[in-house]
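Structure record follows, encoded as structure tokens.
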DNA sequence: CATGAATGAGTGTTCATTCAT
DNA sequence: AATGAATGAACACTCATTCAT
């Protein structure tokens, strides 16, 4: 289904077969294929927004790095759960398409929150919040994608700590 | 066409209309829809590989930062040229699909090259080359995507310098 | 449909319109156009094989001629039923094509059976079984085609008796 | 081309490539694909009509059998030359189609001539000339097709003599 | 005369959606 | 509420034919 074939390639037939139901039942609960996807996306967006609110202030010291590291581990877990839907979002980036906007805003929340928490304690801005947030989130998301799809299972969260270091350094420079 | 609708959504009819030709002419030059796309992708991959080879050694000092900044500006220009194709790559991430592999290897080259040039002069590694490369490239790519599609024209390369600072700091910490 | 236009010329649209259904329904029951045709051909081949097994021994006497005459009448009726499909077979005689083989084997069975029953009681062979079978079957088939498509209805089976005489004579010479 | 792929399957592109010319040149000499085929068919029809006129009277004796045998050998040679076109005729048997009529008349001439020459000396008719002609010609044609396409080269005309015996017997009964 | 790139109507096939049971 | 057979608009691709050079 979605995880393996993407949004466009997932036929309603595949979906209902995987769910052990019928076409009729599917359209009883969803007006069309996209609406199922919107529902999944909303679920994902909710989790992501919650996640964004859970990042505490990140300062330049080791405590800030620890906070960031812990949060990245939680992000990775969430990504593992919603990865298929998130990847399907990326599929659908034509302007004006419903899912793109959905995805954009959810991830936008995270990016904004991320930068806000970090900026709170950072002395001098290095860039605009928008750019910094987008770049940062991209890095984190692609990292999650990389770990989720490419890496062998078992060493899944091994990369979290180094990534946290890179992000932390990117904002604050080397630790004192 | 591709730029506006993505790969799947771009009907041969659209492509042909945009190119002011006919279906027949299209199939005179490409065996099928995917082959057009492969041709575009190969073109993009070539430019990207060339680009990757053009990044000189990046050290911890201001010269390294300058090198990085200049290279990022060139990356941005290349991305501006091939953005539609690159975004279409992301669409097609089902396992075993031809384009994914193409895209994977081209971007893989860049990531490897990027990390290699930076590592050459960096004292202590902060993470594995693979992870660092993927994360770094993701950041840069998403940044380019952000700048290309969202930002208003005219201030296009305004974000290059701050991004370079973030990347440089991420690897080397604060400048001396 | 098939009867009037042949296999190649019968568009799925024609078939579907004649059957008062839709394209979707057609592809619900057949994987593609050829598969419908294979199904029809298998049906025809079954009837033809059955028919072949129903020819009793044919001897040189009047009893043999009667047996042959009765069997030819049954052959004619079967041909009347499957004529369109049989004619479509002939259309598709490129080497390696599925239908040709199907058709070949079904008619081959008949030819072999025909000659076998006649040979059982015939004193001296006049030719090889293969050639005799092919020639005999061709004659019978073209006769059926002729009667079915050209002759006016009503005197349809008038030709059976003379044809039986010719075939019988061809194998045994004049009746004693 | 025609010999290997049949009429429908032979694309103008194939024909042109095999003839080492261009599409433009093809349409300089023929108004359309069918017209090329009509030209080939006319050529074939001419040869067949000539052939039909060359069958001398066939009587019940050994001289009649010899005449028939010799003529069948010539028929086989002609069929070998025009086989592809003849087979393509069979492809195109929809009512009202130009080629079918062409083919019908050419072979009709042969059938009529065949029966006429044989009847001239035969004491009692066994069937109507039309039916006898069609059946006889079918047998001969299919025999030629069989020998031409299936049999191994070298023993090509081995079957002529036995076939002549069958045909002769079919009309006159056993030789005295 | 000759060419072959360009054309576009026509064809087989797919798949989201509906509705009678 | 649940089903799944039926639908048909939409799409990728073919190939006979034309015409500017």
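General observations
- Label-to-label distances for residue A:108 across copies, nearest first, come out at 3.6, 7.1, 7.9 nm, using points 7 Å from Cα in the beta-carbon direction.
- Copies compared at residue A:53 - label distances in nm, ascending, label defined 7 Å from Cα in the Cβ direction: 5.3, 7.7, 10.3
- Label distances, nm, residue D:18 versus same residue in remaining copies, Cβ-directed 7 Å point: 2.9, 4.1, 5.0
- Nearest to the axis that brings chain C onto chain B is this chain C residue, judged by its Cβ, with the distance in whole Å: C:32, 9.
- Counting other Cβ atoms within 10 Å as a rough exposure proxy, the listed residues D:15, C:86 run D:15, C:86 from fewest neighbours to most.
- Per-residue mean of C-beta atoms belonging to partner chains within 10 Å, peptide B:82-88: 1
- Going by neighbour counts of Cβ atoms within 10 Å, the residues A:36, D:163 line up, fewest first, as A:36, D:163.
- Each of A:118, A:110 has some number of other Cβ atoms within 10 Å of its Cβ, and from fewest to most they run A:110, A:118.
- Shielding value for C:161-168 is 5, the average number of Cβ atoms from other chains within 10 Å of each residue's Cβ.
- Shielding value for D:8-21 is 1, the average number of Cβ atoms from other chains within 10 Å of each residue's Cβ.
Readers should treat all values here as calculations from the given coordinates under stated rules, not as data from a laboratory. Owing to the predicted nature of the structure, the values given are computational and were not obtained by experimental measurement. All Cβ positions, even for glycine, are placed from backbone atoms using ideal geometry, and neighbour counts span all protein chains on display.
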